Amino acid sequence: MFAFTGEIVKPDGLVLPFRGGASVPVARVPKLAGIFRRFFPFSITHSTTIRNSLCNTVVDAFDVGSTNGEGRIKIQTAGHATDLAIIPMDAPPAFSAASGGVATGNGLPWTETAAIASGTAAVFDAIDRDNAVVLQGEVALANSDIVLANLSITANDVVRLSTCSYAAPL
């Protein structure tokens, strides 16, 4: 689960808060879904130690590389066609060590002080320091990985993530 809260600040001062988070079901990754269904036909849970390990593996991936000083979250239009805002994470480590299977972003809020393009937010890429995608998700008005109060982002808007956490699957 990747969860966010934050705000978009329009040039006229209008503040549009947002929040969101959703787990990515195994079914969204067809190859893994088939493997899990075949070998684990019942409800699967992980110990806290395993959840912490899984969580740390994912969030530590944001710190890989040296091209940029930090990992980033790219808010994009449908089909990843246009980057609207590129929000820098905190300098490594971007996240705290996992506890209870959850890691929290360090140095929050993370802020893009001037959105780079105008458009309708639909998806995001969370990338490492060398711009490799670590995870992707959806952006919507409700029930999404990132929930925005308004999907319309205009160039020069401030886009801020006030909270960010990643939770490993149970």
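The values are calculated or read from the model by the stated rules, or taken from the named source; none is laboratory data. Every value quoted in this text rests on a predicted model; they were computed, and no experiment measured them. Neighbour counts are summed over all protein chains in view; Cβ atoms, including those assigned to glycine, are modelled from backbone coordinates with ideal geometry. Protein only, heavy atoms only, side chains kept; ligands, DNA and RNA dropped before computing areas. Shrake-Rupley method; radii C 1.70, N 1.55, O 1.52, S 1.80 Å.
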N143 - would you say it is at positive phi and at pLDDT below 95? yes
Can you name the strands (runs of 3 or more DSSP E) wholly within segment 83-136 that have at least 2 residues being open to solvent by less than 40 Å² (accessible area, probe 1.4 Å)? 83-88, 110-112, 123-127
What is the residue count in segment 59-68 for residues that are farther than 23 Å from T48 by Cα and open to solvent by 40 Å² or more (accessible area, probe 1.4 Å)? 3
Sole exception among (1) at pLDDT 75 or above; (2) under 22 Å from C164 (Cα atoms); (3) not acidic (D, E) for V24, by number: (1)
Check L141 against each of (1) closer than 24 Å to G13 by Cα; (2) open to solvent by less than 40 Å² (accessible area, probe 1.4 Å) and name the one condition it does not meet. (2)
Could you pull out the residue among A168, A94, A126 that is modelled with pLDDT of 95 or more, more than 22 Å from V15 (Cβ to Cβ) and in contact with a helix residue (DSSP H, G or I) (Cβ under 6 Å, 6 or more places away or on another chain)? A94
Within segment 137-170, the residues that are over 17 Å from the mean Cα position of the chain (by Cα) and not in a loop (DSSP other than H, G, I, E, B) are S152, I153, V158
Just to be sure, is S165 hydroxyl-bearing (S, T, Y), touching a Ser or Thr at 6+ places or on another chain (Cβ under 7 Å), buried (at least 17 other Cβ atoms within 10 Å of the Cβ) and touching a residue at least 24 places away in the same chain (Cβ under 8 Å)? yes
